[in-house]
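The values are calculated or read from the model by the stated rules, or taken from the named source; none is laboratory data. Owing to the predicted nature of the structure, the values given are computational and were not obtained by experimental measurement. With ideal geometry, Cβ positions are generated from the backbone for all residues, glycine too; neighbour counts draw on all protein chains shown. Heads up: the accessible areas ignore ligands, DNA and RNA and are worked out on the full protein's heavy atoms, side chains in. Shrake-Rupley method; radii C 1.70, N 1.55, O 1.52, S 1.80 Å.
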Amino acid sequence: SQQGEEDPQALSIQEGENATMNCSYKTSINNLQWYRQNSGRGLVHLILIRSNEREKHSGRLRVTLDTSKKSSSLLITASRAADTASYFCATDTGGTSYGKLTFGQGTILTVHP
Amino acid sequence: DAGITQSPRHKVTETGTPVTLRCHQTENHRYMYWYRQDPGHGLRLIHYSYGVKDTDKGEVSDGYSVSRSKTEDFLLTLESATSSQTSVYFCAISRGLSYEQYFGPGTRLTVT
């Protein structure tokens, strides 16, 4: 199975609610990144969190990283219809794979107006 | 959007024909990547480049070759296309290792 696995695979919420997506991985990482992909478009970088960081914020986004549990979560607060997209976590495991990202299969988020 | 373009954006080709996809950047970033995206597999790294004429294989490199003769251009070639290479191909750039990557708009390739 893949290094990064997102949970849930799909999430449907109402506008204004919070959305939480989780990512689990298997091997130690150098950093973990979250990306968003709107239908038919390229991926857009959201947040990068390094292995020595526990939490990062960017606007309505909050990312946590728990290296002991090999997991990360992405929280989108006060969601909007425009947040509807697929969200991917990607891990950089460093070492001989330094700089190469391994992506999970993504969480499809639907925000209903 | 980061200055990344991909061409062509859509292509239909027949099995056994050679295909070249182009990625062009205006950001002068050193690192460039080619991924493919397939349902059930997410994005998988095909090849990447860490400088002009410096390339290395990714997770799914069989059947693909790359070249980078200029900082701004990274070419992906399918020497003899197969139906299993039907996919959406994304190029990405990065200013350094362990930095965020910026993605192009993608090329949808169909091999019949």
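Observations on the model:
- 26 Å Cα-Cα threshold exceeded, pairs from B:Lys11/B:Lys70; A:Lys69/B:Lys57; A:Lys70/A:Lys100; A:Lys100/B:Lys53: A:Lys69/B:Lys57
- FRET efficiency, B:Thr110 to B:Thr71 (Cβ-Cβ, R0 30 Å, nearest 0.05): 0.50
- Taking the Cα centre of the protein assembly as shown as origin and assigning +1 to Lys and Arg Cβ atoms and -1 to Asp and Glu Cβ atoms, the resulting dipole is close to 280 debye.
- Amide N proximity, the stretch A:27-66 versus A:Thr20 label position 7 Å along Cα-to-Cβ, cut-off under 18 Å: A:54-58, A:60-66
- Label zone at B:Glu14, where the point sits 7 Å out along the Cα-to-Cβ direction: the stretch B:96-112 residues whose backbone N lies under 17 Å: B:110-112
- Probe 1.4 Å, protein heavy atoms only - accessible area per residue of chain B in square angstrom: 46
- Local net charge near A:Gln14, Cβ-Cβ under 15 Å (Lys/Arg +1, Asp/Glu -1): -2
- For the protein assembly as shown, the C-alpha radius of gyration divided by 2.2 N^0.38 Å, with N the number of residues, is 1.01.
- Percent carbon-and-sulfur accessible area, chain A, ignoring ligands, DNA and RNA, probe 1.4 Å: 45
- Förster-model FRET efficiency, 35 Å R0, B:Thr82 and A:Arg41, C-beta, rounded to 0.05: 0.85
- Relative frequency of Cα-Cα separations exceeding 18 Å in chain B, percent: 43
- Interface burial in the stretch B:66-112 reaches 40 Å² or more for B:Leu97, B:Ser98, B:Glu100, B:Gln101, B:Phe103, comparing the full protein assembly with the chain by itself; accessible area from heavy atoms with a 1.4 Å probe.
- Whichever aspartates and glutamates have a C-alpha closer than 15 Å to that of A:Lys26, once near sequence neighbours (fewer than 8 apart) are set aside: A:Glu5, A:Glu6, A:Asp7, A:Asp66, A:Asp92
- Chain A: Cα Rg divided by the 2.2 N^0.38 Å rule of thumb: 1.01
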